[in-house]
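Taking it in order: structure first as structure tokens, then the write-up.
The values are calculated or read from the model by the stated rules, or taken from the named source; none is laboratory data. Values in this document were obtained by computation on a predicted structure and should not be read as measured data. Virtual Cβ from ideal backbone geometry, glycine too; neighbours counted across all protein chains shown.
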């Protein structure tokens, strides 16, 4: 079995490979290695996972019945697309009813995760138009790899 | 004929209209508020659209939302049912300007009959008897007051022009009490309606509320059907209706029917409507008002004539001609309707919304139930309390009463309080059996002078 020095070198070498998981048995000693951004704290078999908190996604519902449009006209780009960040009061669509155009404005800050309706689709009152990620609480969890937030 | 009709209503009448459309091969669009998502009319229509939040003002009375729903669904006509926007001239106008047919009379007909004072004048012009009264407002120190009152004949009732619900009213039996009654009524009217204008009318003693269903086509032909007696009321709300009226003989029926027809012709009425009269104990009849819509109690007339009034209404709105005359209509049976409301009679008829845990509708010969109830349905608190209409018909009035008693006994509604028990009492009442039914029936014979 490796001594601590050898083990440290061994683990260090593994880190730079794309091996995700490794189990090793040698003469009654077992080593279990799994790549994670989290530091394991107990024996060889221990693995600690920090739960990613459930995202609180907010459905954005239609304030009225009519025909939903993503953009001002077919010559214009959509007001928002998936991935866009929005702020309260920002125009995210328009609904036409009885030849009157009504602006649809966001009431939250966040990111458009899903666009639920097509351009020119008839919508009823309360129908889900967008799903928005308000992006709260990420700072406290601190576990999202690579988000850069 | 229309391809698709949007029903701008809810509850039992929406279900009724959807049924007529299905029989006519017309597609149906139900509109609903959020809380009505599980309502029966939404389940039975071909399509449904949620048009707003629960309050009626933001949903069933919300004209832009309703028109928008008609546009996106491609409906070519809107049926307004009764209540809500059924007699709203602005709504009729908006439908017209959007190229959607409003299934009802023209906005002019609605307007002419909506203004009570103007309607009175129009009726007089067309020879329809109206309740004798003042031409307009009266005041206590009017020099011609006593002359006018004498001409009308005592007893006289002082009424508020802006009024309703029994407020701002005073009955005057002798000349001495008249000035004071006017003053008191004015004070009450000012407090209740912010408008102290009052007028006077002959007070009809023990009136019977008798109404005539009429149909009119686009060519000006109007037909009247046998009368309905709606005298059993509580606070001016009808509870029980029947046809024919035990108070009306064939000769009076002909006279009143003709008057009803003239009333409808006076406003060029198309589709279906009802002319209401008050009849005194001497069998003098007087025009009260015209209801320019399909009414709650229309099934009673359907039972005795065999007609489908909602189908007729749709066909007339589509421009079809009336294919029959009044004389072609036979009275085939006697029919009675009981309106079952979600109200607690033991607590002054307090509304009783909630979840209906069990609903067993009565059935068998001569029984019809118009309802939107089902077990598991939650009655919302935002709208009216009508749960079901139970209609019983029989070869004669007696059989109709017995069948209604049977039906009320069979009917089970659990989970909410209803007025079924009150109807059982009415059906068991001796005076009701005798046909002694005027608008004071309930306080006199059931509530014992309340």
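If you scan the range B:260-284, which residues turn out to be within 19 Å of the chain's Cα centre (by Cα), surrounded by fewer than 24 Cβ atoms within 10 Å (Cβ to Cβ) and farther than 20 Å from residue B:110 by Cβ?
If the condition is that a residue be within 19 Å of the chain's Cα centre (by Cα), surrounded by fewer than 24 Cβ atoms within 10 Å (Cβ to Cβ) and farther than 20 Å from residue B:110 by Cβ, then B:278 is the only one that fits.
Among the listed residues A:126, A:66, A:93, identify the single one that is away from chain B (no Cβ under 14 Å), touching a strand residue (DSSP E or B) at 6+ places or on another chain (Cβ under 8 Å), at pLDDT 95 or above and closer than 28 Å to residue B:54 by Cβ. Lay out the reasoning, then the answer.
On the way: A:126 fails: away from chain B (no Cβ under 14 Å); A:66 fails: away from chain B (no Cβ under 14 Å).
Going through A:126, A:66, A:93 in turn, the sole match is A:93.
Output yes when any residue across the range B:201-213 is farther than 20 Å from residue B:263 by Cβ, crowded, with 20+ Cβ neighbours inside 10 Å and modelled with pLDDT of 85 or more, and no when none is.
yes
Only residues that are touching a residue at least 60 places away in the same chain (Cβ under 8 Å), closer than 17 Å to residue B:348 by Cα and within 24 Å of the chain's Cα centre (by Cα): list them for the range B:396-425, please.
Across the range B:396-425, the qualifying residues are B:417, B:418, B:419, B:420, B:421, B:422, B:423.
Report every pair of residues separated by at least 6 positions or lying on different chains whose Cβ atoms are under 7 Å apart, first residue within the range B:184-195 and in the same structural domain as residue B:171 (by TED's automatic domain parsing), second part of a helix (DSSP H, G or I) and crowded, with 17+ Cβ neighbours inside 10 Å.
B:195/B:189
Picking from B:181, B:137, B:149, which residue would you name as being surrounded by 16 or more Cβ atoms within 10 Å (Cβ to Cβ) and in contact (Cβ under 8 Å) with a residue 40 or more places away in the chain?
After applying the criteria, what remains is B:149.
With a cut-off of at least 2 residues that are closer than 21 Å to residue B:311 by Cβ and more than 14 Å from every other protein chain (Cβ to nearest Cβ), name the helices (runs of 4 or more DSSP H) lying wholly within the range B:12-131.
Values: elements: B:40-44, B:63-73, B:89-97, B:107-114, B:116-125.
Hits in the range B:12-131: B:40-44.
Across the range B:27-51, which residue is nearest to residue A:63 (Cα to Cα) among those that are out of contact with any helix residue (DSSP H, G or I) (no Cβ under 7 Å at 6 or more places or on another chain) and in contact (Cβ under 8 Å) with a residue 60 or more places away in the chain? Talk me through it step by step, then tell me what you get.
First pass over the range B:27-51, keeping only residues out of contact with any helix residue (DSSP H, G or I) (no Cβ under 7 Å at 6 or more places or on another chain): B:27, B:33-35, B:37-39, B:43, B:46.
Narrowing the set further to residues that are in contact (Cβ under 8 Å) with a residue 60 or more places away in the chain leaves B:33, B:35, B:38-39.
Working: B:33: 13, B:35: 16, B:38: 20, B:39: 21 Å.
Top of the filtered list is B:33.
Every residue in the range B:1-11 that is assigned to a loop (DSSP other than H, G, I, E, B) and within 14 Å of chain A (Cβ to nearest Cβ), please.
The one that is assigned to a loop (DSSP other than H, G, I, E, B) and within 14 Å of chain A (Cβ to nearest Cβ): B:8.
Among B:255, B:238, which is surrounded by fewer than 21 Cβ atoms within 10 Å (Cβ to Cβ) and in a helix (DSSP H, G or I)? So that I can check it myself, show each step before the final result.
Numbers: B:238 fails: in a helix (DSSP H, G or I).
B:255 is the lone residue from the list that is surrounded by fewer than 21 Cβ atoms within 10 Å (Cβ to Cβ) and in a helix (DSSP H, G or I).
Which numbered condition trips up residue B:266, out of (1) without any contact (Cβ under 8 Å) to a residue 40 or more places away in the chain; (2) more than 30 Å from residue B:26 (Cα to Cα)?
(1)
Answer with yes or no whether residue A:87 is loosely packed, with under 13 Cβ neighbours inside 10 Å, away from chain B (no Cβ under 14 Å) and at pLDDT below 90.
Criteria not met by residue A:87.
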